[in-house]
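Report on one structure; see the data block that follows.
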Amino acid sequence: MTEMKEVYLTKDGLKELKARLDHLLTVERREVAEKIKVAREFGDLSENAEYDAAKEEQSFIESEIKELEDKIMHAVIIDSAELGSHEVALGSTVTMYDEKYKEELTYRIVGTTEANAAENRISNESPLGTALIGRKKGDKVEVATPSGGVIVYEIKEIA
């Protein structure tokens, strides 16, 4: 078995994982057990689609429970209160200027578990996150795009 690496989370991210784990353990696990019980009552399990579907759902739930337990066990909490605003670090909120499109963008640098582009949370392991870590206000950062181009950002603010 391979050893799991550290999982970087904010306090809110850890809270969300624990809430999801609790829901799986107390609600979904019970619901799927009931589905299996009902499906067994239909008789012959070898040709019972409801039973097969319920067992498959149970397998997915148990997998997710294991994954969440591992992430929680290996969590390293990023405390925003301890971060300075002089250098981009995990947990920083960075406002930067996109020189090509002449627009300001703001992203929070988080661990991969919490990354969500729709909520402007980018992974520290993403190309942009990697380029920003350790940089200071006023620095220009070049990020390669998948199409082979380069986007240049200027860091305007770090919070």
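Ser123 falls short on exactly one of the conditions (1) open to solvent by 30 Å² or more (accessible area, probe 1.4 Å); (2) among the small types (Gly, Ala, Ser); (3) touching a strand residue (DSSP E or B) at 6+ places or on another chain (Cβ under 9 Å), and that condition is (1). Within the stretch 126-151, the set of residues being open to solvent by less than 70 Å² (accessible area, probe 1.4 Å), over 23 Å from Thr113 (Cα atoms), at pLDDT below 95 and touching a strand residue (DSSP E or B) at 6+ places or on another chain (Cβ under 9 Å) comprises just one member, Ile151. Contact annotation: residue pairs with Cβ atoms under 9 Å, 6 or more positions apart or on different chains, pairing a residue in the stretch 22-43 that is without any contact (Cβ under 8 Å) to a residue 40 or more places away in the chain with a partner that is polar (S, T, N, Q) and surrounded by 12 or more Cβ atoms within 10 Å (Cβ to Cβ), are Arg29/Gln58; Val32/Gln58; Ala33/Gln58; Lys35/Gln58; Ile36/Gln58; Ala39/Asn48; Arg40/Asn48; Phe42/Asn48. So, in the stretch 2-26, of the ones that are of a type in the set (A, V, I, L, M) and open to solvent by 50 Å² or more (accessible area, probe 1.4 Å), which residue ends up farthest from Met73 (Cα to Cα)? Applying the filter and picking the extreme gives Leu25. Filtered by the rule that a residue be assigned to a strand (DSSP E or B) and open to solvent by 60 Å² or more (accessible area, probe 1.4 Å), the stretch 59-105 gives Ile77, Tyr97, Glu103, Glu104.
For the stretch 27-50, does any single residue satisfy the condition of being open to solvent by less than 30 Å² (accessible area, probe 1.4 Å), part of a helix (DSSP H, G or I) and at pLDDT 95 or above? Taking every residue of the stretch 27-50 in turn, at least one turns out to be open to solvent by less than 30 Å² (accessible area, probe 1.4 Å), part of a helix (DSSP H, G or I) and at pLDDT 95 or above.
The values are calculated or read from the model by the stated rules, or taken from the named source; none is laboratory data. Predicted model only: the values in this text are computed from it and were never measured. Here Cβ is always computed from backbone atoms with ideal geometry, including for glycine, and neighbour counts include all displayed protein chains. We work out accessible area using only protein heavy atoms, side chains counted, and drop any ligands, DNA or RNA first. Shrake-Rupley method; radii C 1.70, N 1.55, O 1.52, S 1.80 Å.
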